[in-house]
Each structure stands twice: as structure tokens, then as C-alpha cells.
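Engineer: Got a structure for you, questions after.
The values are calculated or read from the model by the stated rules, or taken from the named source; none is laboratory data. Note that the coordinates shown come from a computational prediction; the quantities given were computed from them, not determined experimentally. All Cβ positions, even for glycine, are placed from backbone atoms using ideal geometry, and neighbour counts span all protein chains on display.
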There are 2 protein chains.
Amino acid sequence: MSETSLDPADWERFRRLLHDAVDGVVDDLAGVREKPAWRPVPQRVKAALREPLPRGGEPLETTLARFGELIRPYPTGNRHPRFFGWVHGAGNAPGVLAELLAAGMNANVGGREHAAVYVEREVVAWFAELFGFPPGASGILTSGTSMGNLLAVVAARDAALGDGARERGIAGAKLVAYAGRGVHDSVAKALRIAGLGEGALRLIAANAVSGIDADALRARIEADRAAGERPFLVVATAGSVDTGRFDQLEALADLCAGHELWLHVDGAFGALAIASPKHAHLVAGIERADSLAFDAHKWLHAPYAVGCALFRDERAHRAAFVSSPEYLGRSARGTAAGAPWYADYGLELSREFRALKVWFALRHYGIDALGASIARTCDLATTLAARVRDCDELELLAPVTLNVVCFRAHPAQIDDEAALDRLNEAVAIAVQESGAAVLSTTRVAGKRALRACIVNHRTVEADLDVVIATVRTAARDAGAAHR
Amino acid sequence: MSETSLDPADWERFRRLLHDAVDGVVDDLAGVREKPAWRPVPQRVKAALREPLPRGGEPLETTLARFGELIRPYPTGNRHPRFFGWVHGAGNAPGVLAELLAAGMNANVGGREHAAVYVEREVVAWFAELFGFPPGASGILTSGTSMGNLLAVVAARDAALGDGARERGIAGAKLVAYAGRGVHDSVAKALRIAGLGEGALRLIAANAVSGIDADALRARIEADRAAGERPFLVVATAGSVDTGRFDQLEALADLCAGHELWLHVDGAFGALAIASPKHAHLVAGIERADSLAFDAHKWLHAPYAVGCALFRDERAHRAAFVSSPEYLGRSARGTAAGAPWYADYGLELSREFRALKVWFALRHYGIDALGASIARTCDLATTLAARVRDCDELELLAPVTLNVVCFRAHPAQIDDEAALDRLNEAVAIAVQESGAAVLSTTRVAGKRALRACIVNHRTVEADLDVVIATVRTAARDAGAAHR
């Protein structure tokens, strides 16, 4: 450390260290297939990460070595080609490059006039083009779809309440929102944050393939209106997290237009099906949404965390989030130019340069190759479902509409549902702890399911065989242990 | 790109590219003083960043070259030793290293069992220790204090409303909050987002040195209670953004305890005065807050964006944000262990590995050296204020309590306030466009002020002379142009 700043006393020593770090990162990534898909964090590591606040410092080389010993060996696991848990992107090389460059620039993209703002505008415009949003649409990169859903709920709420909302809040307004059963929990959470409560969410029956029952939805809206409630929002799901189900967006857009409701699409991972010609039909009508939230760290594999929220009506978007105190005055020239500022479009005033990693990936791969990668993971899911069907000891629990396979171990000798639930919970843990693969669990029609969500661009067909074999072994071992 | 994945077909080629990028980043950082403090983004660059969505790809080398041509030359400016605009951290070398490593790991820190979760816990524990929060306190790293203030407002709101809040929302609850005039706008915005509206914020008179008038606050709370409102929250400011003012936290903590109100401290940059023994008295009593939000990308210089929110009562914190749908079930073992998950403590389910850059900085520098750096910037502000006082053409507009100097050009021949406002607006732009320095503007007691907020660890005394000389020249030029 220099005497007069926090900069390195010797930049060349820092340069060497950063080069060493590059070799560590590339070696780690290139060898990811050879490592466990996941492994527990040892108690020794947890204990070592409980030191008191450092008063004095240590050489950066020491900190780097500590990272290599305690942190790098215990990753989330999502980079591994047999990590099928939840919905996790696998990361990509352009993203690593971009994060290094962005850290060097240390931009604050809350506003003002500098290149990072224009990179974000380009990325948002690319997404608006991809989804067919009209000219005049606006958008912002978020940390992910939970945040995007919250932005949409707040913008829809304020649009429904009109001019007084900013000052008065929701007061006694009896706003209600609608979504299909199986909608992501972040939607109910957004309603809680926005002061409306989870009780404001009406869950409508939804079919595992065709999604929300539009007739049931229409009837519920009319009944609520008749009862003095104020319907304001329909949340459609493009790719449900449990089974990968798609609501019918054209029908919902018609219904929302007829009832003057805001249509928001939660497309966390599924919206990007639009990039695959074979799957784009699943999101037909998405261009008619009032807002859309989706992630770039899932099927586009940008490093965590980056998503996007798009809004059809820029004024409604900005009205919900803009503020202009004196100390943030905009000007036509100088550093404070660049209006509208991204702070006017979301919750954050200090904002990192999230756009660069998406910009690098879209330029380097092009959307067509990214779409082909998405299609490959769907093909693998179809293949995995076929392998499950071919295996007497396994049972497929839901049709595969996209990239999610819900199945369970079902040995012939067990027919008690509670026992099957326990068995499959044990199987999920055993598979994870084996290091061979990661599956998560969910419940499908009341049954405990193993859930394989294939997002990873590194997955190949041979990985599916490993997963099937690992599940079968784990089920036999667990069954034997339970006897 | 490989045929079967998005990974590089040749990892060694990618490794060379990343090494090239390291040299670019280090050269850029080591030379930051020699570049303009800020410069406008040319129209040519803005036009080049408006291409259609890339369908096909391009070599990563091409994308990197494009970054070097269009993006890197036009940064926010905050790394430069004479960037004094708003409150911007300058970045640091350990942060660049950490962001590279984090991008390689691609962790999702929303939850589950992996090392990044334990790094975040250690960093949160370090901050809790620094601020004297009790055992049992909880915390989460956020993108910054705007988000931290929102988390605090929501947690305080739900704590006031009790068990029904989750389901019913705020319904007709007449909740009101209090803060001193000059409180950051993100507090009013958080009340809007939370459904309470800006009208729920009572602005109390505040002195430029001693902060909120506690007697006026007490009287207002009692009057509101008498009128049937429900006071629930006092937001204290530790380092106001306009002048660097501190509210008296001990007095406010006493008052809140007596009235059963939640005390939140917005300490965006000022809270970290605690790390400097000479300035820690400014935040005496901060350990009594119910919640505290502050940034690590300002005075700790972690690359954007990272802040922290601390909560005295873990249960109140978690109650506001927890949810546990089936597909996110926690388990005692396996990948889904690691409860409580960070998703239970905030708005984000997908979360980047924000902790690593803070962990690297705190370990490498130690808090004492970071505190000394903070003290240096305060000394520089005092010195700058003295230079302003020594100069007939300049006028100091507020006492310097920390690191913020509000002043203006005030030529002897101009005494019209509107003309002085216009002059100083022109001076701010001219100084920015000169590339010599960046000052922002605010309003102090109705007067347009040039605002120098010295945060940068690279700033030295000679930089202050450059700023004074640049402002004087700009004021003379602008005065001549106006005549």
C-alpha cells in the first residue's frame, strides 16, 4: 500500500498477482468437469471464516492464498455440467473478462454522463428488440427477476392509483392481482413489499401444459369487481419454476386489454425461449405485455447477478421511481447530463456496471448461438425424460414442456406415498453428497419430486446417464437403509 | 466457442486474452491521475453503441478491442484524485482482484450451502463488530444504501403492523415516519415503494451542525399520536449528502426507546466515520439503532456496488422477507442446507458474490488503515475550506463537519443571488468540462453551491490547489461571458 493512498505501492507487483489470479481462474474453469458437482463446506472452513474484524492488514498474496484454500474449492456448483438444481446459469468466459474490466472502471451507473450508461441502453434496446417491445419502451438491468417483478408490481400499482399515489401511498385502495397457481413466490413477496399483502394475490387454477385457466380468471376478476375490489394486475408465467409451464400470453393479453389490467410477464428463465426458433411459440404474445422481467444469469449464462425489466410505457415506468432532489440535479451538459438516469427507473441510486457482461456475451456469441444452446438444453431434458420412462424404478411426474424434468425413484416394492416422499428426499441428498450431480426437489401434485432443470451449456448426453445411474444407486441404498 | 458448449474452443487462447485484459486494467489504473477527471461521451461513441441485436457472433478479441475504443476512455470519473462530485468511492486494487475471482466462481449467494455464504456472514459479522451491534444481530450485503433503507423501512413497517402484515398489507394503517430536513431522498422513495407514500414522512427542522431538533421531533410525534396517526420510525442521518451533517444518535435512541419507535440510521457514507478514532464521536450511539444502512463502495472503496444493512433483531429482519415455497425447501444436509438463506433477509433470490471484494479489502488493508484514509479525506476537506476562506473571490457556505465542502464563486462585483446561482452553475459545468476536476452542485440555505465531497484515497493536498485555481479561472471566464 502506498503511503498517500490505498493504491499498491508497487503496481508491477499487483500486476503479477493479477496475472497469477487469471491462471487460477482459467485452470479452475477449464477443469470444472473433473471436480465434484458440489461438496459440503467443511467445519474447518466455516470455523476459519469466523475471525474478528481485521485491524491490521496482510499482504494481498496472503489473502489470495486464503481464498484459494477456503473459498474456491467450495462453489455453489452451478458451473458443473451435472448441476441440475433449481434454475442456475453456468457462467461464461466473456462474463469473466467483462467483470474484470468493469471492476477496473468502477463505474456507478445510477446516472450521469459516461460510457457505461450507453452500454446499458444498448443492452436494454437489444432485449426490447428481441421481445418485440415497441419503440418508446423502457427498461433497466436488475439483479434478477425478483427485483424485476417488484419493479413491475410497484409501477402497475402506481399506474392504477394515478397521480395521488406518490404522496398518499395506497391508503385504503383495495387493489388485487392475479396469477396462476405455481407462480413464483417473488410475486407474492413483491405484493408484500409494496404494502398490498399476500392476500392481494388471487391464485387461479392452472393446467400443467396450457397454464392459467382464462375463463376462471375472467370470472374471478368480475366477481372481485362486483365485490368492490380493484383488479389491477395479471402476472403471467413464462416457464414456471416447478415444471416449466407457460401461460398463454395472447389470451391473457386479450383479457387484460378488455379489462384494463396491467399484464406483467414473469419470464425469469422461460422468456428466453424466444431465442430458440423451435421454442419461441411458447411465448407468443409476449410483445403485448405491459412489463416483462427475466434473467441474463440463467439461460444466457452471464455471471451472477443480472436480469432485466422491460416496460411498454416509459412514463409509467419512470413515474413510479423518479426523484430529483437538489443534490442530484440533472444538467444538459457536464458530468450530470445523461438524463434519464437509471436511478429514475428503479430502486438503486448506486448501480454497478451490470450491462458489460451481457454486452460481451451478446456480441461474442450472438443471440442465435445462445438460442441454439437453449434449444440443446431442452433436447437434453426430453432425452432425460425418455430415459426416466425407460426405467422401471423411476417415474416421470410431469410432462416436459421445456427444460425441467420432474421425476422420482419409485421401487416396485414401495407404494406408500409418505414412504416414497421420504425415499426421494434421501435420494436428493445422497446424489448431492456423492458429488456426481445435483438435483433439487419440489412437489408435483402432492408428490415429492426430484427436479432436474437443465440450463447448463456444458451438459452433454453422457451426463444424463451418470445422473440416471446415480439416482438408481442412491434409491437402492436408501431403500436398503430404510428396510 | 466449443461445438458442444459456450466454453472457449481453446482455453489457452482465452487465457492469453485475459492476461492482455489484466495489462489493460493495470495500465489504466496506474495512470488514472494523468487522464482527465471526466470527459463527455462523444456523439460518435453514442452512435456506435446503438447497433441492432447481434445475431451472429464475433471473436472475443474484437469485442475487447471495441471496449477499449468506446467504453474504457469514458469512465464515470470517480477513480480520479480530483473527482469530488456527489459521494463516489474511488475503487481499489483488491476489489479488482476479487471481482475477477468472483466472476470465475459464479456463485449465487441467495442461499444454499457453499463458501460464498460463509464469506458474506463473516463480512456482516465484521461490520456488526465495527458498529457495536449486539450478538444476535443480523445483516445482509446490498447494492447500496438506497436498498438498505428500503429493507429497513419494510422491516420497521411490518414490525409495527404485527402478524397480520404479511397477509393483509398495510390496509388503512396510518403509519408515519420522521427524519430531519436534508434526509436522503431514498428514504422518501422507500416509503413510496412500501405503499406508505411520501406523505407519511414528517420532515423535522434540523441544524447544520447538531442535526434533528429533538424537541421538535418529540412534539410532532405526540401531536401525530393525538391526531390518530401511528408513528413507527425515525430515520437518523449519519453524514447528510448535502453538507455532511450528523444527527445526535444518543438523543434519538433515547427518544425512540421512550416512544417505542424503530430507529433507523442512514449512514450511507458517514457511518464509516467510526473507523477513524478522531471522527468516531460523530456516530456515538449508533450501536443502539434498530437498523443501519451504509455503503462499502464509498469510503471503503470496494468496486461498485456493495453496501450493508444491519438489524438489531434478527427475527424482525427475517419476518419481513422470508418465504419458503416448495421448490426452495431447505434441508439439514446437502446443497439446500445453509439456512437461513440470504433470500430470507432481502429482496433478491439470485444474489451475486458481493462479499468477496469487501472481504479482500478488509483483510488486506485492515480497518485501521481504512480509517486513516477516511481521516485523511476529512483533513483535506478542512484544508480546502481554509483555502476557500483565504480567497476573496470564493465564499464558504456551510461549516465542514466531515468531508464535504460547500462553497461558491462570489466575485465582488456580483451581489444578485440569481446571478450568483447562474454563475456557479456555469462554473460547475466549466470545471467538469475542463477535465481538471469534478464538483457537483447543491443548494445550501437557498444558495446554489459548488459541492466538493472528498472521498478519494488518491487525493493529495496539491490537488486542492488545482481545484481552487480551476474554479477561479472558470468563475472569471463565466463572469466575463455574462457581462
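Engineer: Mind listing whichever residues of the stretch B:329-344 are basic (Lys, Arg) and either touching a helix residue (DSSP H, G or I) at 6+ places or on another chain (Cβ under 8 Å) or modelled with pLDDT of 95 or more (or both)?
Structural biologist: Across the stretch B:329-344, the qualifying residue is only B:ARG333.
Engineer: Could you say which residue among A:GLY89, A:GLY68 is crowded, with 22+ Cβ neighbours inside 10 Å, in contact (Cβ under 8 Å) with a residue 24 or more places away in the chain, outside the structural domain of A:GLN432 (by TED's automatic domain parsing) and farther than 28 Å from B:ALA372 by Cβ?
Structural biologist: A:GLY89
Engineer: Could you tell me whether any residue of the stretch B:403-412 is over 17 Å from B:ARG448 (Cα atoms), touching a residue at least 24 places away in the same chain (Cβ under 8 Å) and surrounded by fewer than 18 Cβ atoms within 10 Å (Cβ to Cβ)?
Structural biologist: no
Engineer: Then there's this: How many of the residues making up the stretch A:219-261 are surrounded by fewer than 16 Cβ atoms within 10 Å (Cβ to Cβ) and either hydrophobic (A, V, I, L, M, F, W, C) or more than 24 Å from A:GLY162 (Cβ to Cβ) (or both)?
Structural biologist: Adding up the residues that qualify gives 7.
Engineer: Just checking, how many residues over the stretch A:117-130 are within 10 Å of chain B (Cβ to nearest Cβ), in contact (Cβ under 8 Å) with a residue 60 or more places away in the chain and farther than 17 Å from A:ARG330 by Cα?
Structural biologist: Summing the residues that are within 10 Å of chain B (Cβ to nearest Cβ), in contact (Cβ under 8 Å) with a residue 60 or more places away in the chain and farther than 17 Å from A:ARG330 by Cα in the stretch A:117-130 gives 8.
Engineer: Any idea which of (1) closer than 30 Å to A:THR441 by Cα; (2) more than 7 Å from chain B (Cβ to nearest Cβ) is the one A:GLY91 doesn't satisfy?
Structural biologist: All conditions pass for A:GLY91, except number (2).
Engineer: Let me ask something additional. If you check B:ALA159, B:ALA155, B:ALA179, which single one turns out to be small (Gly, Ala, Ser), surrounded by fewer than 24 Cβ atoms within 10 Å (Cβ to Cβ) and touching a strand residue (DSSP E or B) at 6+ places or on another chain (Cβ under 9 Å)?
Structural biologist: One residue alone meets the criteria, B:ALA159.
Engineer: Which residue is surrounded by the fewest Cβ atoms within 10 Å (Cβ to Cβ), if the candidates are limited to the stretch A:310-338 and must be at the interface with chain B (Cβ under 9 Å from one of its Cβ atoms) and part of a helix (DSSP H, G or I)?
Structural biologist: This residue is A:GLU326.
Engineer: Quick one: is A:ALA165 in contact with a helix residue (DSSP H, G or I) (Cβ under 8 Å, 6 or more places away or on another chain) and buried (at least 24 other Cβ atoms within 10 Å of the Cβ)?
Structural biologist: For A:ALA165, the condition - in contact with a helix residue (DSSP H, G or I) (Cβ under 8 Å, 6 or more places away or on another chain) and buried (at least 24 other Cβ atoms within 10 Å of the Cβ) - is not met.
Engineer: Also, quick follow-up: So how many residues does the stretch B:18-35 have that are over 19 Å from A:SER5 (Cβ atoms) and buried (at least 18 other Cβ atoms within 10 Å of the Cβ)?
Structural biologist: 3
Engineer: While we're looking at this one, here's another question. Answer yes or no as to whether B:PRO303 is assigned to a loop (DSSP other than H, G, I, E, B), in contact with a His (Cβ under 9 Å, 6 or more places away or on another chain), in the same structural domain as B:ALA253 (by TED's automatic domain parsing) and of a type outside the set (Val, Ile, Thr).
Structural biologist: So B:PRO303 passes the test.
Engineer: Residues of the stretch A:339-369 being small (Gly, Ala, Ser) and either more than 8 Å from chain B (Cβ to nearest Cβ) or buried (at least 21 other Cβ atoms within 10 Å of the Cβ) (or both), which ones?
Structural biologist: A:ALA339, A:ALA343, A:GLY346, A:SER350, A:ALA355, A:ALA361
Engineer: Can A:ALA305 be described as among the small types (Gly, Ala, Ser), under 30 Å from B:SER5 (Cα atoms) and at the interface with chain B (Cβ under 7 Å from one of its Cβ atoms)?
Structural biologist: When the stated conditions are applied, A:ALA305 passes them.
Engineer: Within the stretch B:61-83, is there a residue that is under 28 Å from the mean Cα position of the chain (by Cα), at positive phi and in a loop (DSSP other than H, G, I, E, B)?
Structural biologist: So far as the stretch B:61-83 goes, yes, one or more of its residues are under 28 Å from the mean Cα position of the chain (by Cα), at positive phi and in a loop (DSSP other than H, G, I, E, B).
Engineer: In addition: Which condition breaks for A:GLY307 when tested against (1) surrounded by 21 or more Cβ atoms within 10 Å (Cβ to Cβ); (2) under 30 Å from B:ILE429 (Cβ atoms)?
Structural biologist: Failing condition for A:GLY307: (2).
Engineer: I've got another one for you. Within the stretch A:53-85, which residues are of a type outside the set (Val, Ile, Thr), more than 7 Å from chain B (Cβ to nearest Cβ) and out of contact with any Leu (no Cβ under 7 Å at 6 or more places or on another chain)?
Structural biologist: Matches in the stretch A:53-85: A:PRO59, A:ALA65, A:ARG66, A:GLY68, A:GLU69, A:PRO73, A:HIS80, A:PRO81, A:ARG82, A:PHE83.
Engineer: Is it true that A:VAL41 is part of a helix (DSSP H, G or I) and at the interface with chain B (Cβ under 7 Å from one of its Cβ atoms)?
Structural biologist: Criteria not met by A:VAL41.
Engineer: Ok, one more. When the residues of the stretch B:187-203 are narrowed to those that are more than 21 Å from the chain's Cα centre (by Cα) and more than 7 Å from chain A (Cβ to nearest Cβ), which ends up surrounded by the fewest Cβ atoms within 10 Å (Cβ to Cβ)?
Structural biologist: Among those residues, the one meeting the criterion is B:LEU203.
Engineer: Still on this structure, I have one more. All but one of (1) touching a residue at least 60 places away in the same chain (Cβ under 8 Å); (2) facing chain B (nearest Cβ under 7 Å); (3) crowded, with 24+ Cβ neighbours inside 10 Å hold for A:ALA103; which doesn't?
Structural biologist: The number of the failed condition is (1).
Engineer: Output the residue which, of all residues in the stretch B:262-282 that are without any contact (Cβ under 8 Å) to a residue 60 or more places away in the chain and in contact with a Leu (Cβ under 8 Å, 6 or more places away or on another chain), is surrounded by the most Cβ atoms within 10 Å (Cβ to Cβ).
Structural biologist: B:VAL265
Engineer: Anything in the stretch B:203-222 that is under 17 Å from B:LEU175 (Cβ atoms) and not β-branched (Val, Ile, Thr)? List them, or say none.
Structural biologist: B:LEU203, B:LEU217, B:ARG220, B:GLU222
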